[in-house]
1. With all protein chains present, calculate the accessible area of L361 using a 1.4 Å probe and round the result to the nearest 10 Å².
2. What value in Å³ per residue do you get for the convex hull of the alpha-carbon atoms in the stretch 215-365?
3. Scan the chain and report its longest stretch carrying no GluC sites (Glu not before Pro) that are both in a DSSP loop and have at most 10 other Cβ atoms within 10 Å.
4. What accessible area, in Å² to the nearest ten, does a 1.4 Å probe give for D7?
5. Give the accessible surface of the chain per residue, rounded to a whole number of Å², with probe radius 1.4 Å and ligands, DNA and RNA excluded.
6. If you place +1 on the Cβ of every Lys and Arg, -1 on the Cβ of every Asp and Glu, and leave all else neutral, what size is the dipole of the stretch 327-433 about its Cα centre, to the nearest 20 Debye?
7. Heavy atoms only, probe 1.4 angstrom, no DNA, RNA or ligands counted: give me F229, F416 ranked by accessible area, highest first.
8. With +1 on the Cβ of every Lys and Arg and -1 on the Cβ of every Asp and Glu, and nothing else charged, how large is the dipole of the chain about its Cα centre, in debye rounded to the nearest 20?
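The values are calculated or read from the model by the stated rules, or taken from the named source; none is laboratory data. In this text, all values refer to a predicted model and were calculated from it rather than measured experimentally. Here the Cβ positions follow ideal geometry from the backbone for every residue, glycine too, while neighbour counts run over all protein chains shown. The accessibility values were calculated without ligands, DNA or RNA, using every heavy atom of the protein model including side chains. Shrake-Rupley method; radii C 1.70, N 1.55, O 1.52, S 1.80 Å.
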Amino acid sequence: ELEPIPDGETCSDVCGKRNSKRQEKYGGDLLNAQDVLKLATDAREKSIANLKLDYGSYFEDIFMNISASHKYYGMNGVTKDGPSRDRLKRKLKIKVLNMMQTIRGFEENVAGCNCLAADSSQTGKPQGDKKAPIPPEFYEKYVFANGGHSQAAGHGNMFNETYTAFFTKDVADVFGAIGIKFEGRNYGMGAMKASPFISICSKEIFGIDVDLLSWNYGMTDKWQDTTAFYMYRGALTPGRPALLYIEGTRQANLGGRGLEEEGLAVFKADIHSVPTMAKGSANKLPDSAPGGIPLKDEELKKIPPYLRLLKCNGNFEGKPGCAGNKWSCTPRDIENGKQCACPNVNKRSSWHMGYKIHALLGHVLSLSFMEIFIEGLEEITQSSKDTQALWEELREAEDQEFEAFKAKPVFDTIAFNESRYADIYNNTELFETFFKGDSVCRTSLVPSQTRY
């Protein structure tokens with residue numbers, strides 16, 4: 001989209017206005033790595049401040065691991081001190097440098113004016129039809145796609161009460177502060193297995209632009225090889241996403257480690273493995289019914305809303321007290337005069353978690369993810385290379401590792417159950433095609449990116 005340049009304006013006028021507008025919008029220079037780091041860091045601090053309002057004095061005890069090198073519990077590489085964290089940081093750094101490259105593309109030729117040049121060199125006048133490209137709302141996009149069964153989809157809750165929604169809400173303003181749109185796609189489907197249908201149609205269901213792809217099929221597809229098939233097919237999509245096992249520590253420890261060894265960025269996250277949330281002496285969640293005796297109202301009100309009636313008698317959403325308060329709005333709430341929306345959301349069952357657990361999981365993901373992101377920005381500022389040269393270097397390294405991954409035989413990566421692949425197991429060429437070949441998928445499943 002183009003806008004006319006007023007008559008009489010010089011290149012200095014045109015470029016000065018464009019640069020001023022961009023800096024005014026973002027509060028800094030998006031082509032300056034130090035400014036980008038500060039903008040993102042400030043936005044992250046605002047996001048954390050909002051979470052502290054929701055969790056009060058419990059925030060640090062629950063989410064933070066001060067004694068560790070990484071402050072926040074949450075996303076961990078599938079092997080301790082393995083290469084996944086650095087691989088994800090490289091992907092994130094490329095994303096930020098892509099944003100800078102997009103800006104350069106918009107500004108290096110604005111009706112014949114080079115708006116990347118210093119103001120003192122802008123002596124010419126706009127040429128041609130004297131129209132300038134209107135800058136986009138965002139210069140780059142980052143996509144998190146969530147795959148899983150009904151629990152992952154958030155059945156029983158409203159769409160904005162799922163962990164995908166909480167994760168996206170926490171992170172979106174941090175990315176937006178530096179001109180990157182963060183998009184969360186909750187494409188969980190009730191009772192669905194990861195393989196074969198979801199896996200084969202990964203790019204059609206989740207999209208060709210996914211940067212972080214999650215697996216949360218622990219109740220429906222628990223096998224190491226079928227799980228790895230889902231991750232493998234997802235990793236080969238054009239966005240080359242990092243991979244995240246949610247509530248799937250066993251699958252991550254088996255198939256995920258093999259995928260990491262072959263060159264992928266592979267993570268796991270499970271709130272039941274976070275010491276401050278898991279059962280045990282390290283648990284820091286306040287109990288609303290300690291020993292099975294519900295707290296009195298005046299004591300209960302002292303607990304922040306997102307923790308109140310979350311843990312009862314040592315259990316998430318346990319009895320007495322918590323099990324009847326896992327949903328944000330119920331017919332009983334309406335009868336009691338509570339002002340709330342959607343009291344009759346479908347699929348409310350004992351095995352579907354309520355919005356407070358979704359919130360915990362979403363925040364565990366976002367806090368650890370944002371920490372990795374800020375580390376990557378710090379590394380950009382510490383590099384001796386200019387951002388153009390660094391962008392080229394990181395992309396080359398990413399390309400080399402990805403091509404090496406594709407070139408390796410599938411058998412070197414994954415341990416298979418022969419009976420589940422009986423028709424193709426002994427045909428190496430067919431087996432490799434099954435995992436690596438292009439697919440033509442016209443899916444009727446919803447939600448699916450290809451249908452929008």
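1. Here the residue's solvent-accessible area equals roughly 0 Å².
2. Working: hull volume 22.0 nm³, N = 151.
Spread over its residues, the Cα hull of the stretch 215-365 gives 146 Å³ apiece.
3. 138-452
4. Estimated to the nearest 10 Å², D7 gives 140 Å².
5. Working: 21000 Å² over 452 residues.
I get 46 Å² per residue for this part.
6. It comes to approximately 1240 debye.
7. Solvent-accessible surface, decreasing: F416, F229.
8. So the dipole magnitude of the chain works out to roughly 1520 debye.
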